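Okay, so here's the structure we're looking at.
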Amino acid sequence: LKGWFTSFLSKVDEIKSHYHPELTGLAGGAYDVLRMSLATFLGKSDIVKEQAATVQWRLEQAIKADGQTQLPVTLQMDTLAVSAELASRVGVDLWGYKTQSGGRLIDAVQALVTDANNKGQAPNVFDRTIKLAQRYAAKTEA
């Protein structure tokens with residue numbers, strides 16, 4: 001089974017250029033999650049760390065100092081949250097990573113929840129994102 005996933009990861013690496021890692025869009029975020037998930041399963045922490053650096057670049061582009069983001073929040077915020085969770089397993093803190101403007105992913109999730117509450121929307125639309133953020137917060141407060 002691991003042989004098949006190793007082969008699949010190689011194919012994913014071959015198509016990397018099609019997903020333009022420099023883009024902040026959903027395709028790039030989905031690629032991050034796919035590559036990091038496969039590498040996590042295979043125990044290839046070097047690949048997870050390498051991909052986490054790409055996610056840091058996305059965070060730089062996407063999150064303002066006050067935590068606000070221009071991202072279409074549902075799926076793109078979720079891909080960032082899942083990427084942050086996977087990176088944390090190899091010692092990379094994407095939740096607390098501070099962008100040059102001073103923004104952090106954890107602040108962006110808080111802004112997302114606040115915005116949803118202010119608009120009368122159910123924040124459970126972002127359930128997985130919120131749970132991953134809460135897990136990070138619990139770890140850092142302990």
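The values are calculated or read from the model by the stated rules, or taken from the named source; none is laboratory data. Quantities reported herein were computed from a predicted structural model and do not represent experimental measurements. No Cβ is skipped: glycine too gets one built from the backbone with ideal geometry, and neighbour counts run over all protein chains shown. For the accessible areas, the whole protein counts, side chains as well, though only heavy atoms, and no ligand, DNA or RNA atoms are used. Shrake-Rupley method; radii C 1.70, N 1.55, O 1.52, S 1.80 Å.
Give segment 68-100 a look and list any residue that's modelled with pLDDT of 80 or more and open to solvent by 60 Å² or more (accessible area, probe 1.4 Å), or say none.
Matches in segment 68-100: 89, 91, 93, 98, 100.
When the residues of segment 122-138 are narrowed to those that are closer than 25 Å to residue 61 by Cβ and at pLDDT below 80, which ends up surrounded by the most Cβ atoms within 10 Å (Cβ to Cβ)?
129
Spot the failing condition for residue 65; the list is (1) over 24 Å from residue 12 (Cβ atoms); (2) modelled with pLDDT of 80 or more; (3) not in a helix (DSSP H, G or I), and only one is missed.
(2)
Do any residues in segment 82-94 that are touching a residue at least 12 places away in the same chain (Cβ under 8 Å) and under 9 Å from residue 49 (Cα atoms) have Cβ atoms under 8 Å from those of residues that are surrounded by fewer than 22 Cβ atoms within 10 Å (Cβ to Cβ) and among the acidic types (Asp, Glu), where the two are at least six apart or on different chains, and which pairs are they?
Every condition considered, the pairs that remain are 87/93.
Using the structure shown, decide if residue 1 is open to solvent by 20 Å² or more (accessible area, probe 1.4 Å), under 19 Å from residue 112 (Cα atoms) and modelled with pLDDT under 90.
no
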